[in-house]
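Report on one structure; see the data block that follows.
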Amino acid sequence: MLIKNGSFDKKWLMDKRKIRDLICTKLMLIITIIVSILFFLIFLILLSKSSLILGSESITDLLFSSNWNPSNGNFGYFPVIVGTIIVTGLSLIIAIPISLLSAIFIAEYAPRKIRKILRPFLDVLAGVPSVVFGLCAFLFLVPLVRDFIAPFFGIESTGLCLFTASITLAVMVFPIIISLCVEAFSSIPLELKEASLSVGATKWETVKKVIFRATAPSIISAILLGFGRAFGETIAVNMVVGGIPKVPSSLFAPTETLPSLIASKYGELMSIPKSESALMFGALVLFIVVLIFNLLGLILLRNAKKRWKL
Amino acid sequence: MSKKLIGEIETQNLNICYGKHCIIKNVNIKIPARQLTAIIGPSGCGKTTLLKSFNRLLEIRDDVKISGKILVDGNNILRSGLNVSDIRKKMGLLSQKPYPLPMSIYENVAYGIRIHNHIDSKKLENAVNNCLQEAGIWNEIRDRLHDPASGLSLGQQQRLCLARAIAVQPEVLLCDEPTSALDPISAQQIEKLLLKLKKEYTVVLVTHTLRQAKRVADYVIFLYFGEVIEHGPADKVFNNPKHPRTKAYMQGEIS
Amino acid sequence: MNKRILEEKIFKILMYVSILIVLGSLFIIISLVVANGATSLSIEMITQTPTGGYYLGKSGGILNAIIGSLFLALPATGLAFIISLGIAIYLQRDFTNPSISSFIRLSLDILWGIPSIIYGVFCLSIMMFLGLGASLLAGIIALTLLEIPIITRSMDESIKMVPNGLKETAYSLGSTKFETAYKVVRKQAMPGILAGVLLGLGRGIGDAASILFTAGFTDNIPTSVFDSTAALPTMIFHLFSSPIPGVRQKAYAAALILLVIVLCISIISRFLLRKSSKFILK
């Protein structure tokens, strides 16, 4: 009787385990499905919200007109898009070489002790909130650009400009690219480095010709992640970019980026349906660009992997 | 003074330590030129460490301390101020598992040549082809020279690595259990190649299979927990081991 | 010959310069915030809420923002943690086939790249659709969405690293899939999971763009999830936008508080990482 009871308990326990297993698995499935269609949902909402402006203005006007005047109902996004591209592009041009060289230093050249010290510093830099970046850029870079750098090139500038914004973004991107690249570089088998070194290549030749090649996919995705961060950065850029939706005439001219524009105008324009819709269109453009770059990155990655069968 | 063959390695009081843990203790050996020397001993006794100290590859790891002298053709390669890449060029390496560089088959071999010489593409092509032929892989890959090297079989990859190593015209070939990851047929091919190559290069072979050492070695070094127990010409060590530990190892009592 | 060594030397110097730039910028940031923040930091700043004319330079503090930040970031991180853990476990090969999981990973990557301002706009749209305005709840949702891809990514990475043999051991002892994932894999991947959560928390507490519209702004400490609330990043942003220098100075003090919080999170995460690595198979 007792034994029977025991086995019954055991069986019931088994069933309970199985049921719990089933419930948890299905729950996870549901969550996963919701999250993975989230980006689609965001796309739909942005699209439906911007349908108002898309109905009344042609999409080419919105994208390629330079006339930005919300109070008259003119929403030409061209200067803002150009501003976004230049600010992001310039920041990456600054950030990529510096980050890659730093990553190589940390992963390949620095002695272990220094490497250990450097890691937490990078983590701290990665953790600095963007609003603090903006504040520091305003305090440090803006006067520097206004009083020294811009006059050096013979240009008068308030310091709130494209150049300042790009530098700020570059610093924000450093820790992202560096830590991902360090990870990639250190995951290379030691023997591969040895193979290159033992035919008499110098360390730098090994880095240049073997390590960069072997980690190309990871470097690409690190750069893309950095791009994503820079492209979408809102607050820090908003604080130093100048906020004037004009195609910049020089490095030291003020301009505006898409996210920064949304942040500064949404509050005041959200009560006017057409303006709100126009800003939603801006968000939609932002979203689509991010999407395209992600897919592009994926294709690049696939190709690189296939090419060297990594 | 008689003219020495090039590619002779000699160590004097060589000690290698990782932190406090010493892997190689006071090793004094002489590896004869243009012969096949086998370093044998149980696993974990420092064979690979000893081998990799010969081309100063240990330095890329942290906290390795090396003291003593390693003389290659009479020059101490541990001296500071030397150009390390020149030393490594003299000492080709064949590692345990083949590690083809992430490039095409052709580029793998051309890699080292390009680094050291500026020659036109015609000559480069000839040199690469010669190396591939010498490594006995030419016939299998002649029409896919520009495919990724990682697509080859393991055995082919290992022979490619051999071609890559001899492409820079080293004096010594350091082989770190080059057949342990391979199937028997590929292993045999590598062994045959090594026997052929010892006419032109000094070959140092680390192996943990005694039978392989017996098949190919001219000279044997028996290493046991970082110390050289016995070394000498192969037939002497194998047939007439002096030290009881060597005897035990030969008879399979320790492995 | 000499050219090769020269090239290496040049690039070595460039490396030194690069790492100095990176470290230098961190040094500048910290010293600027500390130097400017410390002068205007006071006890009342962290113990009082703003009084009427605070933004014109009158007395008061930013307690509402500190509390608001915690009320926003902690629940958001908790929610994001639960959701991310579910997804990360589900992404394992034991549960899904590789083609589905690679699609999920792709969509997570896309979410990772979506600017936080878009999460803010998206959440506000949904809230307005539901008839709710800017509120603590909306802010929490926006931050949760922002943190999910960050946390999931690092969890996924660390779970992927769990050796297969370990899972096989668990299965061969008769564990179910979920038990294996929850009891064995989770333990082995714990450091990575923790790191991910703290990364998410740090990001959540510092992000301004996603809560700029969703959480609103008020001088009071929120009493329900439908109240709007201030947070440190938005507070800094507001104080910074003030034309009065004295008020601007307070932005630096607020930035110092925020930086200290973020640093604490970073230090705690290092400590926890070390502690949780004890049971890990290497």
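Here is how the numbers come out for the structure above:
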| read-out | value |
| --- | --- |
| Spin-label pair A:I288/B:E227, simplified geometry with 7 Å Cα→Cβ offset, distance in nm | 7.8 |
| Alpha carbon convex hull of chain A, volume per residue in cubic angstrom | 242 |
| Where Rh is the Kirkwood radius over Cα pairs, Rg/Rh for the protein assembly as shown | 1.05 |
| Cα centroid separation - the range A:168-233 against the range B:67-139, whole Å | 25 |
| Global form of the range A:80-171, assessed from the alpha-carbon gyration tensor, a/c cut-off 1.5 | prolate |
| Percent of alpha-carbon pairs separated by more than 22 Å within the range A:223-310 | 42 |
| Value of [θ]222 nm, deg cm²/dmol, for the protein assembly as shown, DSSP H segments ≥ 4, -39500 (n - 2.57) each, nearest 500 | -19500 deg cm²/dmol |
| For chain B, built as a Gaussian network whose Cα springs stay under 10 Å, the top-fluctuating residue of B:K30, B:K236, B:K198 | B:K236 |
| Heavy-atom accessible area, 1.4 Å probe, ligands and nucleic acids excluded: residues of the range A:194-209 down by at least 40 Å² from chain alone | A:E194, A:A195, A:L197, A:S198, A:V199, A:G200, A:T202, A:W204, A:E205, A:K209 |
| Per-q log10 I(q)/I(0), the range B:9-250, q = 0.11, 0.13 Å⁻¹ (Debye; single scatterer per alpha-carbon; no solvent) | -0.58, -0.80 |
| Accessible surface of C:T96 - all protein chains present, 1.4 Å probe, nearest 10 Å² | 10 |
| Inter-part distance where the range C:208-263 and the range A:101-152 are each reduced to a Cα centre, Å | 24 |
| Low-density loop cleavage sites - GluC sites (Glu not before Pro) in the range B:162-239, where at most 15 other Cβ are within 10 Å (DSSP) | B:E200 |
| Reach of B:K52 by Cα under 13 Å, taken over aspartates and glutamates that are not fewer than 8 positions away in the same chain | A:E191, A:E194, B:D176, B:E177 |
| Selected from A:I299, A:I178, A:I31 as most flexible by GNM, with chain A as the system and alpha-carbon contacts under 10 Å | A:I31 |
| Gain on full stretching of the segment that runs from A:I30 to A:I114 - 0.36 nm per residue minus C-alpha separation | 25.7 nm |
| Helix B:121-134 axis, angle to chain B major axis (alpha carbon atoms, nearest 10°) | 50 |
| 22 Å Cα cut-off, lysine pairs counted over the range C:64-279 (separation 8 or more, or different chains) | 14 |
| Chain B: relative contact order as a whole-number percent, Cα under 8 Å and 6+ apart | 28 |
| Cα-projected label distance for A:K208 with C:L70, points at 7 Å along beta-carbon direction, nm | 5.5 |
| Förster radius 45 Å - calculated FRET efficiency between B:E253 and B:R79, Cβ distance, rounded to 0.05 | 0.65 |
| GNM top mover of B:T209, B:T48, B:T37 - chain B, alpha-carbon springs below 10 Å | B:T209 |
| FRET efficiency, 1/(1 + (r/R0)^6) with R0 56 Å, evaluated for B:Q96 and A:F40 via beta carbons | 0.70 |
| Accessible area per residue in Å² at 1.4 Å probe, computed on the range A:57-308 | 37 |
| Options C:I5, A:I45, A:N67, ranked by Cα towards positive dipole end of the protein assembly as shown, top entry (Cβ charges) | C:I5 |
| Helix axis angle, C:63-90 relative to chain C longest principal axis, alpha carbon, degrees | 20 |
| Around A:E276: net Lys/Arg minus Asp/Glu count, Cβ-Cβ under 10 Å | +3 |
| Distance in nm between pseudo-label sites at B:I119 and B:R142 (7 Å out along the Cβ direction from Cα) | 2.0 |
| Axial C-alpha extent at least 30 Å, average Kyte-Doolittle at least 1.0 - helices from chain A (DSSP) | A:78-104, A:162-186, A:273-308 |
| Pairs from B:K47/B:K69; B:K90/B:K198; A:K203/A:K306; B:K30/B:K90; B:K20/B:K47 whose Cα-Cα separation, in the structure shown, is over 21 Å | A:K203/A:K306 |
| Residues of type lysines that B:K196 reaches as a straight line, Cα spacing below 18 Å, ignoring anything fewer than 8 places off in the same chain | B:K214 |
| Estimated FRET transfer efficiency when R0 is 25 angstrom, pair B:L195-B:K236 (beta carbons, to 0.05) | 0.80 |
| Helix axis angle, C:2-40 relative to chain C longest principal axis, alpha carbon, degrees | 40 |
| Hits among aspartates and glutamates - C-alpha to C-alpha of C:K9 under 15 Å, sequence gap 8 or more where chains match | A:E108, A:E205 |
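The values are calculated or read from the model by the stated rules, or taken from the named source; none is laboratory data. This is a predicted model, so every value here is computed, not measured. Here Cβ is always computed from backbone atoms with ideal geometry, including for glycine, and neighbour counts include all displayed protein chains. These accessible areas exclude ligands, DNA and RNA; they are computed on the full protein's heavy atoms, side chains included. Shrake-Rupley method; radii C 1.70, N 1.55, O 1.52, S 1.80 Å.
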